[in-house]
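Have a look at the structure below before the remarks.
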Amino acid sequence: MYFAVWATDQEGTQAARLAVRDAHRARLREPGAHPVIVVAGGPTLSESEDAMNGSLLVIEADDIEAVRRFVAEDPYELSGVYARVEIRPWRWGLGAPARLPGP
């Protein structure tokens, strides 16, 4: 099952984001003991595209609780970067990887 994770940064946390960004990115690539796979992800940007202001992730996991635990232990979450995180079950439609069954 897939989940979309939409996280929005708190105002004024750009320095904190940059300080833990390498750890955040490494963890997305190698989640360790967490039973999740980060399939796609990247920062959201300000309208002028000159500053990161959040994250968008697509995560494969057995259930939403695994995703919640994974996000709760993310360096951005632990450093107080995120103001709000929304996690929703998601069905891949357009642009689905070849390994997924069709709609």
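The values are calculated or read from the model by the stated rules, or taken from the named source; none is laboratory data. This is a predicted model, so every value here is computed, not measured. Every residue, glycine as well, gets a Cβ built from its backbone with ideal geometry; the counts of neighbours run over all protein chains shown.
Keeping to the range 68-81, report how many residues are crowded, with 18+ Cβ neighbours inside 10 Å and either part of a helix (DSSP H, G or I) or not aliphatic (A, V, I, L, M) (or both). Break it down stepwise before answering.
Here is the first cut: in the range 68-81, the ones crowded, with 18+ Cβ neighbours inside 10 Å are 70-71, 74-76, 81.
Still in the list and also either part of a helix (DSSP H, G or I) or not aliphatic (A, V, I, L, M) (or both): 70-71, 74-76.
Of the residues in that region, 5 qualify.
Which pairs turn up if I take residues in the range 82-103 that are part of a loop (DSSP other than H, G, I, E, B) and look for partners that are surrounded by 10 or more Cβ atoms within 10 Å (Cβ to Cβ) and modelled with pLDDT under 65 with beta carbon separation below 8 Å, at least 6 apart in sequence or on another chain?
Trp92/Leu100
Test Ala33 against the stated conditions and say whether it is exposed (fewer than 14 other Cβ atoms within 10 Å of the Cβ), over 19 Å from Asp62 (Cβ atoms) and small (Gly, Ala, Ser). Before you say what the answer is, go through the steps one by one.
Values: exposed (fewer than 14 other Cβ atoms within 10 Å of the Cβ): yes; over 19 Å from Asp62 (Cβ atoms): no; small (Gly, Ala, Ser): yes.
Criteria not met by Ala33.
Results for (1) modelled with pLDDT of 95 or more; (2) more than 22 Å from Glu11 (Cβ to Cβ), shown as yes or no for each residue.
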position: Glu30; (1), (2): no, yes
position: Val67; (1), (2): yes, yes
position: Asp74; (1), (2): yes, no
position: Leu78; (1), (2): yes, no
position: Arg88; (1), (2): yes, yes
position: Ala96; (1), (2): no, yes
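Looking only at the range 1-45, which residues are within 18 Å of Glu86 (Cα to Cα) and part of a helix (DSSP H, G or I)? Don't jump to the end; show me each part of the working.
Within the range 1-45, the subset within 18 Å of Glu86 (Cα to Cα) is 1-11, 24, 28, 36-45.
Those that are within 18 Å of Glu86 (Cα to Cα) and part of a helix (DSSP H, G or I): His24, Leu28.
When residues of the range 1-38 are filtered for being in contact (Cβ under 8 Å) with a residue 40 or more places away in the chain and within 10 Å of the chain's Cα centre (by Cα), how many remain?
Residues in the range 1-38 being in contact (Cβ under 8 Å) with a residue 40 or more places away in the chain and within 10 Å of the chain's Cα centre (by Cα): 6 in total.
Looking at the range 69-90 only, could you name the residues that are within 13 Å of the chain's Cα centre (by Cα) and either over 15 Å from Arg27 (Cα atoms) or among the acidic types (Asp, Glu) (or both)? Walk me through it before giving the result.
Here is the first cut: in the range 69-90, the residues within 13 Å of the chain's Cα centre (by Cα) are 69-77, 81-82, 84-88.
Glu73, Asp74, Glu77, Val81, Tyr82, Arg84, Val85, Glu86, Ile87, Arg88, listed by residue number.
Of all residues in the range 47-67, count the ones that are loosely packed, with under 12 Cβ neighbours inside 10 Å and either touching a strand residue (DSSP E or B) at 6+ places or on another chain (Cβ under 6 Å) or at positive phi (or both).
1
Of all residues in the range 1-18 being exposed (fewer than 14 other Cβ atoms within 10 Å of the Cβ) and hydrophobic (A, V, I, L, M, F, W, C), which is nearest to Phe70 (Cα to Cα)?
Met1
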